[in-house]
1. Looking only at the stretch 446-471, which residues are over 15 Å from Phe522 (Cα atoms) and in a loop (DSSP other than H, G, I, E, B)?
2. Mind checking which residues of the stretch 566-580 are within 18 Å of the chain's Cα centre (by Cα) and either open to solvent by 10 Å² or more (accessible area, probe 1.4 Å) or over 30 Å from Glu683 (Cα atoms) (or both)?
3. Suppose we filter the stretch 196-225 for residues that are at pLDDT 95 or above and open to solvent by 30 Å² or more (accessible area, probe 1.4 Å); how many remain?
4. Give the residues of the stretch 554-571 that are part of a helix (DSSP H, G or I) and either touching a residue at least 60 places away in the same chain (Cβ under 8 Å) or at positive phi (or both), sorted by residue number.
5. Among (1) open to solvent by less than 40 Å² (accessible area, probe 1.4 Å); (2) in contact with a helix residue (DSSP H, G or I) (Cβ under 9 Å, 6 or more places away or on another chain); (3) free of Cβ contacts under 8 Å to residues at least 24 places away in the same chain; (4) not hydrophobic (A, V, I, L, M, F, W, C), which single condition is Tyr305 missing?
6. Every residue in the stretch 583-618 that is at pLDDT 95 or above and more than 21 Å from Ser37 (Cα to Cα), please.
7. Condition first: within 23 Å of Ala86 (Cα to Cα) and of a type in the set (Asp, Glu). Can you find one or more residues in the stretch 499-513 that meet it?
8. Could you check how many residues of the stretch 305-362 are among the basic types (Lys, Arg) and within 31 Å of the chain's Cα centre (by Cα)?
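The values are calculated or read from the model by the stated rules, or taken from the named source; none is laboratory data. Remember, predicted model here, so these are calculated numbers, not experimental data. Don't worry about glycine lacking a Cβ; one is built from the backbone with ideal geometry, like all the others, and counts go over all protein chains shown. Just the protein is used for accessible areas: all its heavy atoms, side chains included, with ligands, DNA and RNA removed. Shrake-Rupley method; radii C 1.70, N 1.55, O 1.52, S 1.80 Å.
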Amino acid sequence: MKIISLCSCFIFTTFCFAQEFPKAKKTPVLVSKHGISFADDYPWMEDMRSTEMADWIAAQNTFTDAHFAEIGNTYASLKTIKKYDAGRSYKLADRKGAYFFYMFRKQNDKSSSLYVAKSLDEKPLEIINPNLIYDDKVVSITKYFPSKTSKLLSFKIAVDGSDRQEIRFYDFKQKKQLDDVLQNVKFSNVSWNGEEGIFYKKNSNRQQFAKDSTFQLMYHKIGTLQEQDKLVFDDSKTEGNILSFFTASNKLFIIEDNKEETLKNYYVADLDEKMVLDKFIENDATGLEFLSFRDNRVYFSSKDYDWGEIRSFDLKDRKNEKVIIPQIYTHLLVRSYLLGDYIVCKYKTIGKNYLLVYDYSGKWIRKIEAPQGTDLDFSFFDAKTKELFYTQFSYVMPNQNFKINIETGEDLPFFNDRYKAKANVFPFGYFETKTITYKSRDNVDVPITIVYKKGLPLDGNNPTILKAYGGFGKINAYNYDTGLLYFLENGGVFAYAEIRGNGDKGKQWHLDGTRLKKNNTFNDFIDAAEFLIAQKYTSPNKLAITGGSQGGLLVGVAMTQRPELFKVAVPEVGVFDMSRFSDYTVGRFHNDEYGDPENEDEYQAMMAYSPYQNIKEDVNYPVTLILTSENDDRVPPVHSYKFAARLQNRAAQKNPVYIKIARKSGHSGNNTSYDSWLQSESEFYGFILYHLNQ
């Protein structure tokens with residue numbers, strides 16, 4: 001759908017402290033589709049790089065920063081969070097190939113450099129300082145990929161937060177960066193062809209926020225120009241999606257999704273000069289998830305087994321299928337790691353996480369459990385010593401490292417000169433963490449994790465943050481957050497609801513929160529708020545909601561549907577205008593989640609909850625802080641701009657509505673340097689506490 005662009009005109013902005021928001025002009029355009037019409041007052045904001053928008057953004061940031069400064073007089077959270085963070089312990093280095101990789105900050109106002117060591121006891125050496133690549137931009141290393149024998153390294157860098165990144169190279173023997181630079185790389189891993197070259201996905205967008213055009217898989221030979229790269233696979237004509245690609249056993253594998261996101265094709269090619277692709281599975285509708293390839297067998301799982309399992313088949317004989325690890329009902333297989341001799345599986349059930357170790361026949365070998373209220377992650381396996389390294393953590397406990405001998409079962413904490421024992425900021429048991437379930441309005445059990453200081457009176461007067469995501473099958477993982485420690489220590493309650501749309505209870509749990517069933521996601525979230533209120537954890541005057549990306553949409557829907565239920569709303573990088581979601585960047589990949597705008601029933605369902613269109617002129621919505629980034633080319637900031645403008649520019653809006661636009665930042669926000677992360681943490685938790693305690 002095309003909205004007519006209008007001539008730009010002067011924006012009149014005002015600034016004062018009596019809730020006089022910087023004004024945004026209205027240029028109404030009538031939008032009609034599938035029998036639904038609405039007036040869009042702010043289509044001019046879709047020109048996100050215009051002078052008018054730059055003036056509006058600057059005025060909004062000035063207005064919001066003045067309020068943050070005012071909050072700082074009441075909640076001096078920055079110093080406390082920094083103190084808590086100084087006591088943080090860290091997870092083990094990332095082991096890839098022959099090296100251990102570390103990300104360290106040399107300066108708090110700069111992004112991290114990449115370091116390597118050959119053992120955990122060796123002093124790491126800096127190999128890449130991204131701040132020296134572009135000294136006038138915000139540059140960060142996002143991923144790194146050693147070659148098969150660890151002679152070369154490819155690494156991706158993001159410039160000013162954009163998802164459209166660069167690939168560069170480092171030679172371990174020569175101890176220097178190579179001249180090769182690959183640009184316009186988006187949503188791509190890197191797969192090596194021995195030491196000769198890499199495969200990567202190339203983006204062809206001419207404009208940053210245009211509908212995504214990442215259709216091509218390229219091959220780059222080391223030492224050549226990008227213009228000479230070979231086109232390996234092209235989805236431009238069909239507008240499909242290259243879901244993934246990887247190399248194994250001297251073969252290249254490509255997995256392709258069709259435009260409608262209903263069928264998948266699987267290709268394989270020998271890594272020779274011709275690289276001829278053979279389609280070994282065509283138009284698959286079983287949701288086959290390719291896990292690994294070894295000994296000429298494909299290891300996979302499928303949507304037929306809701307809780308997750310592992311099977312395999314012979315590449316040349318699809319019917320030659322074996323069950324390796326069957327599903328465990330109600331225990332979600334979160335992730336599997338296929339190692340040399342073992343398969344490590346991470347499982348999740350209500351309030352409990354653990355690892356199981358199997359051999360390739362499916363024989364169970366070892367179980368590794370995390371204590372109640374904590375999570376754990378596999379780090380790496382040392383085949384020589386038979387030691388598996390893993391990390392435990394929680395919302396209130398930083399990373400604790402362990403190693404277990406697979407054969408003997410000896411399980412010990414891991415410390416050395418680099419990973420020293422540290423006391424937690426708060427003793428174990430200082431906070432209560434529990435995962436329980438509540439009933440949704442349609443009588444479904446929804447898990448929710450609740451964290452608060454032990455002994456806190458549950459009298460309905462506690463400032464509370466309710467958070468959720470609710471999309472794309474995402475599985476909740478605990479995240480240690482020193483800003484959250486500050487909130488909890490100040491009498492706060494934190495709750496995370498594993499609502500439908502997530503994947504926490506299997507594949508069907510996700511599907512029950514998609515397309516025409518998307519309202520289950522929003523209803524579950526609102527029901528979680530009502531549960532917390534009914535159980536006296538909090539009250540409407542003490543409840544804040546937050547979420548990012550899909551979670552930002554969730555917050556936008558909840559606050560526009562039930563504004564009386566919340567005191568504060570903090571949506572981050574959210575999708576708010578569902579009439580336009582598929583017109584920008586990666587929106588074309590999300591029809592399977594939200595629905596196809598060209599389908600009348602699905603479009604009408606989306607518009608029934610779309611936050612931007614459902615703002616009412618006569619409603620005073622909660623105190624709101626909208627967070628976005630100027631270079632977010634995953635969920636473009638125009639969603640946040642228009643949502644903020646419409647909320648602000650209504651006579652009924654008495655509660656303040658703020659928007660903060662991070663400069664030189666993308667979808668992950670302003671967290672490239674430690675200083676910027678610390679500032680964002682302080683502002684976020686200070687804002688919530690300030691307004692919940694008014």
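1. Matches in the stretch 446-471: Lys454, Gly455, Leu456, Pro457, Leu458, Asp459, Gly460, Asn461, Asn462, Pro463.
2. Glu572, Val573, Val575 - these are the residues of the stretch 566-580 that are within 18 Å of the chain's Cα centre (by Cα) and either open to solvent by 10 Å² or more (accessible area, probe 1.4 Å) or over 30 Å from Glu683 (Cα atoms) (or both).
3. 8
4. Once the filter is applied, which keeps residues that are part of a helix (DSSP H, G or I) and either touching a residue at least 60 places away in the same chain (Cβ under 8 Å) or at positive phi (or both), the stretch 554-571 yields Leu554, Gly556, Met559, Thr560.
5. So the condition that Tyr305 fails would be (1).
6. Glu593
7. Pass one, the stretch 499-513, residues within 23 Å of Ala86 (Cα to Cα): none.
Looking through the stretch 499-513, none of the residues is within 23 Å of Ala86 (Cα to Cα) and of a type in the set (Asp, Glu).
8. The number of residues fulfilling the criteria is 5.
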